[in-house]
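Written out below as structure tokens is the structure these notes cover.
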Amino acid sequence: MSEPSAGGASRGLHSDRISGAVFVAIALLVAWENRAYPFGSLSTPGPGYMPLVLAFALGAFGLLVVLRGGASPLVNTIDWTEGRRAIVLLITCGIAAYALEHIGYRLTMVALLVFMLGVVERKRPLPTLLVALGFAFISYYVFATLLRVQLPRGPWGL
């Protein structure tokens, strides 16, 4: 177990500092990959402008968390009881990302939400189905029709 230092704070790796460092690493990766896009100028920004601004902001906030963090528990004292649920969530999101192009946006969202709400969260079937269908079709209408974002339709045009 870590002993408190002279200032009273425990020594070791805090979870918020690790999270901040991960944010900084993601920001550096995005900034590095953004080199392929023209930056443009402030008056006429190119396609690389906004990703770089967002990467800079993420990196700045991540650095702030690394420097000012320390109120969270030490990593070796955290109880990982929700670890299995997090792994299921990550695997499900990966499968949904793969299925998106193959079966379309609406069917993927319905399947994802039915699985997450019905199987993982164990909600009642009727509300789960209504939420899944409502979210899938309303969000498709908002993005595809109102905002004109091209979303995958799947092999059947759904």
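When segment 17-58 is filtered for residues that are of a type in the set (A, V, I, L, M), more than 23 Å from G70 (Cα to Cα) and touching a Phe, Trp or Tyr at 6+ places or on another chain (Cβ under 8 Å), the ones remaining, listed by number, are A31, L52.
Annotation note: of R84, R68, the sole residue that is over 22 Å from the mean Cα position of the chain (by Cα) and charged (D, E, K, R) is R68. When segment 30-72 is limited to residues that are polar (S, T, N, Q) and open to solvent by less than 60 Å² (accessible area, probe 1.4 Å), the one that is farthest from D16 (Cα to Cα) turns out to be S41. Could you tell me whether G83 is open to solvent by less than 50 Å² (accessible area, probe 1.4 Å), out of contact with any helix residue (DSSP H, G or I) (no Cβ under 8 Å at 6 or more places or on another chain) and within 30 Å of R153 (Cβ to Cβ)? Against the criterion (open to solvent by less than 50 Å² (accessible area, probe 1.4 Å), out of contact with any helix residue (DSSP H, G or I) (no Cβ under 8 Å at 6 or more places or on another chain) and within 30 Å of R153 (Cβ to Cβ)), G83 does not qualify. In summary, Y49 fulfils each of the numbered conditions (1) without any contact (Cβ under 8 Å) to a residue 24 or more places away in the chain; (2) closer than 24 Å to P155 by Cβ; (3) among the aromatic types (F, W, Y); (4) touching a Gly at 6+ places or on another chain (Cβ under 9 Å) with the single exception of condition (2). When segment 98-137 is filtered for residues that are without any contact (Cβ under 8 Å) to a residue 24 or more places away in the chain, surrounded by 15 or more Cβ atoms within 10 Å (Cβ to Cβ) and over 18 Å from G154 (Cα atoms), the ones remaining, listed by number, are V114, F115, L117, G118, K123, T128, L129, V131. In the set (1) modelled with pLDDT under 90; (2) among the small types (G, A, S); (3) touching a Pro at 6+ places or on another chain (Cβ under 9 Å), the condition left unmet by G104 is number (1).
Determine whether V22 is open to solvent by less than 70 Å² (accessible area, probe 1.4 Å), in a helix (DSSP H, G or I), modelled with pLDDT of 85 or more and β-branched (V, I, T). So V22 does not fit the description; no.
Tell me, yes or no, whether segment 76-89 has at least one residue that is of a type in the set (V, I, T), in contact (Cβ under 8 Å) with a residue 60 or more places away in the chain and in contact with a strand residue (DSSP E or B) (Cβ under 8 Å, 6 or more places away or on another chain). No, there is no match, as no residue in segment 76-89 is of a type in the set (V, I, T), in contact (Cβ under 8 Å) with a residue 60 or more places away in the chain and in contact with a strand residue (DSSP E or B) (Cβ under 8 Å, 6 or more places away or on another chain).
The values are calculated or read from the model by the stated rules, or taken from the named source; none is laboratory data. Note that the structure is predicted; figures quoted are calculated from it, not measured. Quick reminder, even Gly has a Cβ in these numbers, built from the backbone with ideal geometry, and neighbours come from all protein chains shown. Calculation scope for accessible area: heavy atoms of the full protein, side chains included, ligands and nucleic acids excluded. Shrake-Rupley method; radii C 1.70, N 1.55, O 1.52, S 1.80 Å.
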